[in-house]
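To keep things clear, I will list the structure first and then write my remarks on it.
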Amino acid sequence: MDVFITGAGCITPLGAGLDEVWDAILAGTPAPVRELPGPPGRKPHFAASIPPKLVDAVARNPRLRRSSNISLFAAAAALMALRDAGLDPASPGKCALIFAVSDGGVIYTRKFYDQVVREGSGSPLLFPETVYNAPASHVAALLGLDGITYTLVGDASAGLAALGLGVQLLASGQVDHCLIAGAEEADWVLCEAYRQWRLSSPTGRVGANRGALIADGAAAIVLSRQGVYKLQSVSTGVPFFRQSEAAASLAAALGQLPPSTAPSRAIGSANGTFVDRAERAAIEAAYGPVSTIFPKASLGDPFGASALMQVICGVQSLRRDPAGSILVPVIGLNHQAAAALISIRS
C-alpha cells in the first residue's frame, strides 16, 4: 500500500513557517544561541531556543496553561501539520497519534526532583508533566483524539520508527490518517548530561567534532493513503553498541531500502559528533557521493524531533525541485540507525 506525506508543521529556533525555515537552512543561517540559566558556579550551557512568541497561541489554551515547553511545541507543530494536510484540527476524523521523544519534559522533571530534595515531596501539579507521554496526552486531548495513541521513546531514530508504525496502522485499515509528531525542550540539566557524555557543544558553536548543539524543536507530519509526496520506504532500526559500529548499522539500514539508482539528494543527520563521519562513510559506500543538506548546522539538534524535521526538509526539497528521490539517513546517539526514502508520486 502506498503511503503519502500530506501535511507538515514545525516549530524551530529559526521560525515556524515551512518555507521560512527551509530558506534559512539553505542559506546556512545559524539559529540564535542563548546561555541557559543554571546553578551558580557551574560551567555555562548554551542551546538554540524557540522564541516564546511562536507558541503564544497554544499557550493560551486552558488545556495547556500549566504545560511544559515540550507539550506547547508538540501541540503547535501538530496543529500546523493538520492544517497543512487540509484537515480540521477540531475534527480530524479517524486519525492516530504517534509521538516520538528522546529526553522528554526535562524542565518540569528537574523542578519536581529539586523540590523532592529540598522539601521531601514533589508537587502533584508538576509530576504529570514529567512522564514521557505527557505531550502526546495533551495533543490528543486538544484535538479530541480518543483512538490509537502511542509514544515511542528512543534516540533520533525514534522519529523514523514512528513513521514505520504509522505505515502499519494505515495498512491495517484502523485509521485514515496518522499524525506523527516529535518534540524536545532544552534545559541546563540536559546539556550537562550530554556534556558528561562528550556529545554536546560546550560553546554552542556548530561544527565538525565540536559536539551537538542542543536545541528546542518540534516537528509533525500527517500520513495518508493518497497524496503527492510518497513515503517510499522506511527501514527498521539497526542497533549498534559502539560508535565505531555506527556506519555499519546505517549501511544495514540503507540496505533495507528498495534497490535503485542513487538518491538525488540527502537530508543528513550530522550534528558535530561521531555521527558525521559514520553517516558520510555509509552513504558513500552505498551510493557514492550524494549532494547532502545538513539542517542541524542551522537548527541545532532537537533529538526526538530531528528525524521528522529531516523528513519535512525532504518534502520541502521536493516541493522546490521534484526530480529524483530524497534520502533521510538517521544515526542516533544511543544507539540505533535507520533510513527513509521520499519521492514524488509517479
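The values are calculated or read from the model by the stated rules, or taken from the named source; none is laboratory data. This one's a predicted model, so the numbers in the text were calculated from it and none came from an experiment. Neighbour counts run over all protein chains shown; Cβ positions are idealised from the backbone, glycine included. When the accessible area is computed, the model is the full protein with side chains, heavy atoms only, and any ligands, DNA or RNA have been set aside. Shrake-Rupley method; radii C 1.70, N 1.55, O 1.52, S 1.80 Å.
Run through the DSSP bridge list for the chain and note the antiparallel percent, rounded to the nearest 5. Within the chain, antiparallel bridges account for around 65 percent of the total.
Please state the relative contact order of the chain as a whole percent: Cα pairs under 8 Å, 6+ residues apart? The partial results should precede the final answer.
On the way: 866 pairs, mean separation 83.9, N = 346.
Normalised by residue count, the contact order of the chain is 24 percent.
Label sites at residue 320 and residue 2, each approximated as a point 7 angstrom past Cα along Cα to Cβ, lie 2.6 nm apart.
Scalar couplings 3J(HN,Hα) for region 122-132, obtained by applying the Karplus form with A = 6.51, B = -1.76, C = 1.60 to θ = phi - 60°, are x, 5, x, 6, 7, 4, x, 7, 8, 7, 5 Hz; x denotes Gly and Pro. Sparse packing (at most 15 other Cβ atoms within 10 Å of the Cβ) combined with a DSSP loop state is found for the following trypsin sites (Lys or Arg not before Pro) in region 246-346: 345. Which one of 37, 106, 171 has its Cα pushed farthest toward the positive end of the charge dipole of the chain, where Lys and Arg give +1 and Asp and Glu give -1 at the Cβ? It is 37. Summarised in one figure, the compactness ratio Rg/Rh of region 90-249, Cα atoms and Kirkwood Rh, is 1.02. With the simple spin-label model, which puts each label point 7 Å out from Cα in the Cβ direction, the residue 226 to residue 205 separation comes to 5.3 nm. FRET efficiency for the residue 176 to residue 23 pair, using the beta carbon distance and R₀ = 45 Å, is estimated at 0.90. Summing Lys and Arg as +1 and Asp and Glu as -1 over all other residues whose Cβ lies under 15 Å from the Cβ of residue 60 gives a net charge of +3. Ranking 22, 197 from most to least accessible surface, computed with a 1.4 Å probe over the protein chains only, gives 197, 22.
Here region 107-257 carries DSSP beta bridges of which approximately 90% are antiparallel, counting only pairs with both residues inside. All Cα-Cα distances of region 1-56, cut into 5 Å bins from zero to the largest, leave 4, 15, 18, 18, 14, 11, 9, 6, 2, 1, 1, 0 percent in each bin in turn. Contact order, relative form, for region 119-242: 23 percent (alpha carbon pairs under 8 Å, 6 or more residues apart, mean separation divided by residue count). From the P(r) of region 9-165, can you give the percent of Cα pairs sitting at distances over 19 Å? Value for region 9-165: 62 percent of Cα pairs lie more than 19 Å apart.
Working from label points 7 Å from Cα in the Cα-to-Cβ sense, the residue 168 to residue 260 distance is 2.4 nm.
Think of the chain as having a plus end and a minus end, set by charges on the Cβ of Lys, Arg, Asp and Glu; of 144, 335, 115, 115 sits farthest toward the positive end of this dipole.
Less than 5 angstrom separates the built amide H of residue 200 from those of 195, 212, all sequence-distant by 5 or more or on a different chain. Computed from the C-alpha gyration tensor, the three semi-axes of the ellipsoid equivalent to the chain are 29, 25, 18 Å, from longest to shortest. When only the Cβ of Lys, Arg, Asp and Glu is charged (+1, +1, -1, -1), the dipole of region 198-346 relative to its Cα centre reaches about 200 debye. When +1 charges are put on Lys and Arg Cβ atoms and -1 charges on Asp and Glu Cβ atoms, the dipole computed for region 180-259 relative to its Cα centre reaches about 320 debye. Relative to the current alpha-carbon distance between residue 248 and residue 127, full extension at 0.36 nm per residue lengthens the span by 39.5 nm. Bridges between two residues of region 169-306, per DSSP, are antiparallel at a rate of about 65%.
Close amide H pairs (under 5 Å, H built 1.01 Å from N) link residue 45 with 36, residues at least 5 positions away or on another chain. How would region 259-336 be classified by its alpha-carbon gyration tensor: rounded, prolate or oblate, with rounded meaning a/c under 1.5 and the a/b versus b/c comparison settling the rest? Oblate is the answer for region 259-336, as a/c is 1.5 or above yet b/c matches or exceeds a/b.
How large is the convex hull of the Cα atoms of region 183-260 per residue, expressed in Å³ as a whole number?
Taking the convex hull of the Cα positions in region 183-260, it is 163 Å³ per residue.
Of the trypsin sites (Lys or Arg not before Pro) found in region 225-264, those that fall in a DSSP loop while having at most 13 other beta-carbon atoms within 10 Å are 242. Here the contact order of region 1-151, divided by its residue count and restricted to Cα pairs under 8 Å and six or more residues apart, works out to 24 percent.
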